[in-house]
1. Which numbered condition in (1) under 24 Å from residue 20 (Cα atoms); (2) touching a helix residue (DSSP H, G or I) at 6+ places or on another chain (Cβ under 8 Å); (3) at pLDDT below 85; (4) outside any loop (DSSP other than H, G, I, E, B) is the only one that residue 86 fails?
2. I need the full set of residues from region 40-63 which are closer than 20 Å to residue 84 by Cα and either surrounded by 17 or more Cβ atoms within 10 Å (Cβ to Cβ) or touching a strand residue (DSSP E or B) at 6+ places or on another chain (Cβ under 7 Å) (or both), in order please.
3. Cβ-Cβ distance below 7 Å, separation of 6 or more or different chains: which pairs start in region 72-92 with a residue that is free of Cβ contacts under 8 Å to residues at least 60 places away in the same chain and end on one that is surrounded by 13 or more Cβ atoms within 10 Å (Cβ to Cβ) and in a loop (DSSP other than H, G, I, E, B)?
4. Condition check: assigned to a helix (DSSP H, G or I), in contact with a helix residue (DSSP H, G or I) (Cβ under 9 Å, 6 or more places away or on another chain), modelled with pLDDT of 85 or more and surrounded by 10 or more Cβ atoms within 10 Å (Cβ to Cβ). Does residue 34 satisfy that?
């Protein structure tokens, strides 16, 4: 039987977990926490790409779209305005 990772442990130590450790053990997490952790780690990856600073607006737009989708799907947050904005962007 796989032991669940306590919620407070995930929150308190999330910043201490290396991405490769998360990838190796994410299957042990309770599904809702796993989705939120996926958002956290994927968001960090997107931030590190620095598309805005390099002036690559296409890449920046793709990263922002991925961030919005992850917020809605994995973190289960957002507003109708974010959703509508995302739909409008995807229709361009």
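The values are calculated or read from the model by the stated rules, or taken from the named source; none is laboratory data. Computed from a prediction, not measured in an experiment: that's the story for all the values here. Note that we place each Cβ from the backbone using ideal geometry, even for glycine, and neighbour counts take in every protein chain shown.
1. (1)
2. Those that are closer than 20 Å to residue 84 by Cα and either surrounded by 17 or more Cβ atoms within 10 Å (Cβ to Cβ) or touching a strand residue (DSSP E or B) at 6+ places or on another chain (Cβ under 7 Å) (or both): 60, 63.
3. Listed pairs, sorted by first residue: 72/78.
4. The answer is yes for residue 34.
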